[in-house]
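In what follows, a single structure is set out as structure tokens and then discussed.
The values are calculated or read from the model by the stated rules, or taken from the named source; none is laboratory data. Being a predicted model, the structure only gives us computed values, none of them experimental. Here the Cβ positions follow ideal geometry from the backbone for every residue, glycine too, while neighbour counts run over all protein chains shown.
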Amino acid sequence: MGTATLEASAVDAPGAPRRRKKYGGVNAWVFALPALAVYVVFLVYPAITSLWFSFTDWDGLSPTYNVVGLQNYLAMPKDPVVIQAVINNIIWTIVTIFFPVVIGLALAMLLNGKVRGKPVLRLIFYTPCVLPLVAIASIWGWLYNPQYGAINEFLRAIGLGSLAQPWLGQDSTALAAVMVPAVWLRVGFPMLLYLAALQGINTDMYEAATVDGATKSQQFWHITMPSLRPAHYIVIALSLIDSFKVFDLIYAMTYGGPGTATQVMGTWMYFNVFQYYQAGYGTAIAVVITVVAIAVSIPYVRSQTKEHAV
Amino acid sequence: MSTFAEGAELAPVAALPDAHIAEAEQPSGKPKRKGGTGMTIVIALVALLWISPLVLLLITAFRPLSDFVANGPLSAPQEWTLQNFKDAWGVGNFATTYRNSAFLLILKVPLGVLISAMLAFALAKLRLRFGAVIMFAVFLGLTIPIYITIVPVFVLLRSFGLVDSVPGLVGPYLAFGIPFEVLVLQSFFRQLPDEIIEAAKIDGAGPWRIFFTLVIPLSTPALVTVIILDAVATWNEFLFALILLSSDANKTIPVGLLNFQGQFANNNTGLAAGILIAVVPILIAYIFLQRWIVGGLTAGATKG
């Protein structure tokens with residue numbers, strides 16, 4: 001149906017533009033349509049269909065289902081796993097944004113100073129970002145192995161053997177243990193952006209500030225940080241968008257466990273649909289987090305659209 | 001103005017991301033003194049810590065299991081072997097998963113970049129009705145988590161008979177790649193001066209010729225960046241592949257690796273070798289092509 005409206009406007013477009021500043025009309029639609037069609041069929045339409053499923057009691061298998069209104073949504077606050085998942089999502093979002101941004105900024109400042117071998121260092125810090133999340137889960141699962149893992153072995157080697165524990169296997173440490181690799185892999189992106197932004201700051205400002213007797217810390221807070229504002233904005237917006245999508249790492253590392261200790265909305269949605277055959281309830285969970293993700297990200301999306309639609 | 005002059009004017013635009021990379025390699029402008037040994041040591045230690053999981057993985061993959069078990073994960077290997085790779089390659093079904101992932105990559109990436117570039121061209125340089133609305137709707141796709149679409153996508157593909165088939169992944173992969181690709185490409189296309197397009201138009205070139213002979217060649221840096229980032233994302237994608245592919249013959253690298261991880265839970269050296277097999281192509285590609293990735297990511301940011 002989205003496509004139908006597009007075609008309709010393609011037909012009346014040629015009549016409208018008299019100011020032939022750019023190519024327009026039907027041709028523009030011919031260029032736009034393939035991508036828009038794919039986008040509508042495989043992203044927009046499924047997302048809207050999920051919204052519909054969320055108002056039903058569909059099990060995901062039967063040919064029929066009943067419309068149950070808001071029942072799935074009303075059941076959520078009574079589901080202890082949803083409560084747990086929401087809390088975990090919030091913790092995940094805060095931790096996997098705060099630490100990568102702070103560490104990334106610190107590394108960028110170091111790399112922007114008098115340091116040798118910058119290309120290699122930059123390469124190293126960004127490397128985890130290009131690995132498949134499943135591989136990262138495998139690597140860290142292997143490091144966390146209670147018996148043969150390098151982390152416990154390291155603790156034993158430095159005389160802290162009493163701290164050796166099954167990091168992924170107990171409620172108290174599992175979520176933190178999954179967030180460590182997330183921080184590990186997400187430091188590279190802010191580092192790159194901050195490094196590029198730092199290199200764009202006019203050094204005359206620092207010289208003038210030094211002449212005026214400003215301390216290093218004053219220079220940081222009054223010159224560096226304000227100059228980095230656009231970079232902060234992009235880094236935080238993109239990290240926020242990314243953090244709502246968390247699924248792969250948790251699925252591959254802990255499968256939501258032990259128990260439900262590391263369930264997030266994405267994995268709990270998956271389990272409901274594919275393990276418990278509650279597709280209606282599962283999609284309702286997905287709808288909730290998608291709505292939150294969109295609401296939070298709209299300012300960023302609007303800024304990108306406005307900036308370009310000159 | 002002659003076309004020649006236009007062309008000359010365009011050169012710096014096309015070279016922009018390159019210039020940016022050069023700048024990143026060698027902080028420009030500022031008279032940087034050599035040295036800073038103290039700083040270098042500090043950051044080198046942090047880098048070493050950062051890369052240590054991968055270094056450990058590499059070492060472990062080349063040592064016999066008996067040596068690993070007897071001496072512990074942090075010990076220096078007593079002997080070296082390639083046996084782990086032989087074991088992992090067979091059990092992990094990597095010949096199949098490699099073929100499937102490569103097939104998907106070759107099918108999806110060029111097609112995705114082409115249709116995204118076309119849409120980006122329409123948004124940036126053609127008079128497209130409701131262009132701003134379309135742009136907003138497409139960019140909003142960046143925020144949509146894959147898992148909200150999995151149930152309907154599964155139903156949709158089942159009705160086409162495309163469940164448990166590698167080509168069946170192409171549609172959803174294309175759709176989720178479009179927002180980012182269009183975002184990057186249209187902002188690059190926008191920087192191409194309108195004058196050269198006008199000049200080509202006066203010379204009688206239609207939009208297709210302008211697109212393929214002018215816009216595409218002039219945008220090589222942006223296209224290469226998008227191709228690489230899209231290839232990485234395609235190679236790494238997990239959720240759709242997990243849900244849509246069921247038989248071993250159709251699995252991609254990430255799904256295959258997950259199965260493999262379960263089977264090799266007690267064979268630490270074999271597991272390390274298998275993980276390496278899965279990530280080596282992407283690591284090699286990254287090391288050789290990293291300047292494009294860095295340039296593309298940061299070009300977007302500094303515009304802010």
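Among the residues of segment B:46-53, some residue qualifies, meaning at least one is more than 9 Å from chain A (Cβ to nearest Cβ) and out of contact with any Phe, Trp or Tyr (no Cβ under 8 Å at 6 or more places or on another chain).
Check segment B:239-252 and report whether any residue there is more than 11 Å from every other protein chain (Cβ to nearest Cβ), in contact (Cβ under 8 Å) with a residue 40 or more places away in the chain, crowded, with 18+ Cβ neighbours inside 10 Å and over 28 Å from B:LEU142 (Cβ atoms). Among the residues of segment B:239-252, at least one is more than 11 Å from every other protein chain (Cβ to nearest Cβ), in contact (Cβ under 8 Å) with a residue 40 or more places away in the chain, crowded, with 18+ Cβ neighbours inside 10 Å and over 28 Å from B:LEU142 (Cβ atoms), which makes the answer yes.
Every residue, every condition in (1) of a type in the set (S, T, N, Q); (2) at pLDDT below 85; (3) touching a strand residue (DSSP E or B) at 6+ places or on another chain (Cβ under 7 Å), yes or no:
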site: B:PHE260; (1), (2), (3): no, no, no
site: B:ALA265; (1), (2), (3): no, yes, no
site: B:ALA273; (1), (2), (3): no, no, no
site: B:ILE282; (1), (2), (3): no, no, no
site: B:PHE288; (1), (2), (3): no, no, no
site: B:TRP292; (1), (2), (3): no, yes, no
site: B:THR302; (1), (2), (3): yes, yes, no
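Right, A:THR267: within 18 Å of A:LEU43 (Cβ to Cβ) and modelled with pLDDT of 90 or more or not? Break it down into steps so the answer makes sense when it comes.
Working: within 18 Å of A:LEU43 (Cβ to Cβ): no; modelled with pLDDT of 90 or more: yes.
The answer is no for A:THR267.
Taken residue by residue, segment B:72-84 has no member that is acidic (Asp, Glu), crowded, with 17+ Cβ neighbours inside 10 Å and over 30 Å from B:VAL215 (Cα atoms).
Of these, B:VAL232, B:VAL226, which one is within 22 Å of B:THR149 (Cα to Cα) and either modelled with pLDDT of 90 or more or out of contact with any Pro (no Cβ under 6 Å at 6 or more places or on another chain) (or both)? Walk me through how you get there before you give the answer.
On the way: B:VAL226 fails: within 22 Å of B:THR149 (Cα to Cα).
Criteria check complete, one pass: B:VAL232.
Using the structure shown, decide if A:VAL187 is β-branched (Val, Ile, Thr), within 24 Å of the chain's Cα centre (by Cα) and at negative phi. Taking the combined requirement at face value, the residue satisfies it.
If a residue has to be under 19 Å from B:ARG99 (Cβ atoms) and assigned to a helix (DSSP H, G or I) to count, how many in segment B:161-178 make the cut? Can you show your working first?
Filtering segment B:161-178 down to residues under 19 Å from B:ARG99 (Cβ atoms) leaves B:162, B:164-170, B:173.
Now drop any that are not assigned to a helix (DSSP H, G or I), which leaves B:167-170, B:173.
Total meeting the criteria: 5.
Here B:GLY171 does not qualify as out of contact with any Cys (no Cβ under 7 Å at 6 or more places or on another chain) and more than 10 Å from chain A (Cβ to nearest Cβ). Scanning segment B:57-81 for residues that are in contact (Cβ under 8 Å) with a residue 24 or more places away in the chain and under 21 Å from A:ALA137 (Cβ atoms) turns up B:LEU57, B:LEU58, B:THR60, B:ALA61, B:PHE68, B:PRO73.
For segment A:42-59, the set of residues classified as facing chain B (nearest Cβ under 7 Å) and free of Cβ contacts under 8 Å to residues at least 40 places away in the same chain consists of A:PHE42, A:LEU43, A:PRO46, A:THR49, listed by residue number.
Give the residue, chosen from B:LEU74, B:LEU119, B:LEU56, B:LEU123, that is in contact with an Asp or Glu (Cβ under 9 Å, 6 or more places away or on another chain), part of a helix (DSSP H, G or I) and either more than 10 Å from every other protein chain (Cβ to nearest Cβ) or not charged (D, E, K, R) (or both). Walk me through how you get there before you give the answer.
Numbers: B:LEU74 fails: part of a helix (DSSP H, G or I); B:LEU56 fails: in contact with an Asp or Glu (Cβ under 9 Å, 6 or more places away or on another chain); B:LEU123 fails: in contact with an Asp or Glu (Cβ under 9 Å, 6 or more places away or on another chain).
Of the residues listed, the single one that is in contact with an Asp or Glu (Cβ under 9 Å, 6 or more places away or on another chain), part of a helix (DSSP H, G or I) and either more than 10 Å from every other protein chain (Cβ to nearest Cβ) or not charged (D, E, K, R) (or both) is B:LEU119.
The single condition among (1) under 15 Å from A:MET109 (Cα atoms); (2) facing chain B (nearest Cβ under 10 Å); (3) surrounded by 20 or more Cβ atoms within 10 Å (Cβ to Cβ) that A:TYR270 does not meet is (1). Taking helices (runs of 4 or more DSSP H) as the structural unit, those lying wholly within segment A:71-157 and holding at least 1 residues that are within 13 Å of another protein chain (Cβ to nearest Cβ) and more than 30 Å from A:ASP57 (Cα to Cα) correspond to A:80-111, A:118-130, A:133-144, A:150-157.
So which of A:ALA252, A:ALA214, A:ALA231 is more than 23 Å from A:ASP79 (Cβ to Cβ), surrounded by 21 or more Cβ atoms within 10 Å (Cβ to Cβ), more than 16 Å from the chain's Cα centre (by Cα) and free of Cβ contacts under 8 Å to residues at least 60 places away in the same chain? Full working, then the answer.
Details: A:ALA252 fails: free of Cβ contacts under 8 Å to residues at least 60 places away in the same chain; A:ALA214 fails: surrounded by 21 or more Cβ atoms within 10 Å (Cβ to Cβ).
On inspection, the qualifying residue turns out to be A:ALA231.
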